[in-house]
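Visitor: Following this message is one structure expressed as structure tokens.
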Amino acid sequence: MAIERTFSIVKPDAVARDLIGKVYSRFESAGLKIVASKMIHMTKEQAEGFYGEHKERPFFPNLVEFMTSGPVMVQVLEGDNAIAKNREIMGATNPAEAAAGTIRHDFAKSIDANSVHGSDAPASAAREIAYFFEESEIFSR
Ligand code: RTP
Ligand code: MG
């Protein structure tokens, strides 16, 4: 299996409830190395650009409002099959439908406040990593 990078966010609801460490522990236990990490508070423009693919969706204004409601942790995860593995441990978008033992099942409150983001494909992973990180800020090991 190829070593991949994926982009991840610990969303405002999880940061506010002091779940950063618990979520990071899930990544590391699954073999996803945290190779870059920082806390940011996204501006409206940053969130709108990040979620540009959802611009026409009815939930877009809510999504931008929520993602700018407080600080988040952004990170790059690296490991075998990292994109799919991260999506698997995150669980379904709606926590009510997420499998037991997934991050969203165990920690998330609602489809909006669903605790984590993870890239869904190689092209989006590359775009999302570059949106928040310089290559010099990423430490593969
Ligand atoms: P994410 O991008 O955050 O990792 O989540 P995802 O791929 O599972 O979901 P996506 O379809 O990309 O949607 C992005 C975020 O928008 C919110 N959403 N709300 N009310 C709704 O029907 C709805 N659908 C999506 C969620 O917070 C989702 O994570
Ligand atoms: Mg998505």
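Visitor: Tell me, please, whether a residue that is outside any helix (DSSP H, G or I), away from ligand 2 (no atom under 16 Å from the Cβ) and either modelled with pLDDT of 95 or more or under 22 Å from Y24 (Cβ atoms) (or both) can be found in the range 112-132.
Guide: Step one: list which residues in the range 112-132 are outside any helix (DSSP H, G or I), which gives 112-121.
Now restrict to residues that are away from ligand 2 (no atom under 16 Å from the Cβ): none.
No, the range 112-132 contains no residue that is outside any helix (DSSP H, G or I), away from ligand 2 (no atom under 16 Å from the Cβ) and either modelled with pLDDT of 95 or more or under 22 Å from Y24 (Cβ atoms) (or both).
Visitor: Got at least one residue in the range 102-110 being in a loop (DSSP other than H, G, I, E, B), near ligand 1 (Cβ under 10 Å from one of its atoms) and at pLDDT 95 or above?
Guide: Scanning the range 102-110 turns up at least one residue that is in a loop (DSSP other than H, G, I, E, B), near ligand 1 (Cβ under 10 Å from one of its atoms) and at pLDDT 95 or above.
Visitor: Give me the pairs: first residue in the range 118-141 and more than 20 Å from K85 (Cα to Cα), second residue within 14 Å of ligand 1 (Cβ to nearest atom), beta-carbon distance under 7 Å, and six or more apart or on different chains, which are they?
Guide: If the second residue must be within 14 Å of ligand 1 (Cβ to nearest atom), the pairs left are Y131/F50; F132/V74.
Visitor: List pairs: first in the range 18-35 and crowded, with 16+ Cβ neighbours inside 10 Å, second at pLDDT below 95 and not aromatic (F, W, Y), Cβ under 9 Å, 6+ apart or cross-chain?
Guide: Here the result reads K33/R141; V35/R141, each pair linking the range 18-35 to a residue that is at pLDDT below 95 and not aromatic (F, W, Y).
Visitor: Find the residue count for the range 82-97, including only residues that are within 12 Å of ligand 2 (Cβ to nearest atom) and in a helix (DSSP H, G or I).
Guide: Let us first name the residues in the range 82-97 that are within 12 Å of ligand 2 (Cβ to nearest atom), namely 83, 86-87, 90, 92-93.
This time we only want the ones that are in a helix (DSSP H, G or I), so: 83, 86-87, 90.
Qualifying residue count, the range 82-97: 4.
Visitor: So which residues in the range 102-111 are under 19 Å from I20 (Cβ atoms) and of a type outside the set (V, I, T)?
Guide: The answer is R104, H105, D106, F107, A108, K109.
Visitor: Kindly provide the set of residues from the range 32-57 that are under 26 Å from S136 (Cβ atoms) and over 16 Å from the mean Cα position of the chain (by Cα), ordered by number.
Guide: T43, E45, listed by residue number.
Visitor: Scan the range 74-81 and tell me whether some residue there is away from ligand 2 (no atom under 14 Å from the Cβ), in contact (Cβ under 8 Å) with a residue 12 or more places away in the chain and among the charged types (D, E, K, R).
Guide: yes
Visitor: Specify the residue that is surrounded by the most Cβ atoms within 10 Å (Cβ to Cβ); the eligible residues are those in the range 81-108 that are out of contact with any Lys or Arg (no Cβ under 9 Å at 6 or more places or on another chain) and within 22 Å of P71 (Cβ to Cβ).
Guide: N86
Visitor: While we're here: Among the candidates H117, H105, which residue alone is in contact with a helix residue (DSSP H, G or I) (Cβ under 7 Å, 6 or more places away or on another chain) and of a type outside the set (A, V, I, L, M, F, W, C)?
Guide: H105
Visitor: Is it the case that E53 is within 15 Å of ligand 2 (Cβ to nearest atom), part of a helix (DSSP H, G or I) and on the phi < 0 side of the Ramachandran plot?
Guide: Spelling it out, E53 is indeed within 15 Å of ligand 2 (Cβ to nearest atom), part of a helix (DSSP H, G or I) and on the phi < 0 side of the Ramachandran plot.
Visitor: If M42 passes every condition in (1) outside any loop (DSSP other than H, G, I, E, B); (2) crowded, with 20+ Cβ neighbours inside 10 Å; (3) within 16 Å of ligand 2 (Cβ to nearest atom) but one, which one does it miss?
Guide: If we test M42 against (1) outside any loop (DSSP other than H, G, I, E, B); (2) crowded, with 20+ Cβ neighbours inside 10 Å; (3) within 16 Å of ligand 2 (Cβ to nearest atom), just (1) comes out false.
The values are calculated or read from the model by the stated rules, or taken from the named source; none is laboratory data. From a predicted model like this one, the values you see are computed outputs, not experimental measurements. Please note: Cβ atoms are built from the backbone with ideal geometry, for glycine as well, and neighbour counts cover all protein chains shown.
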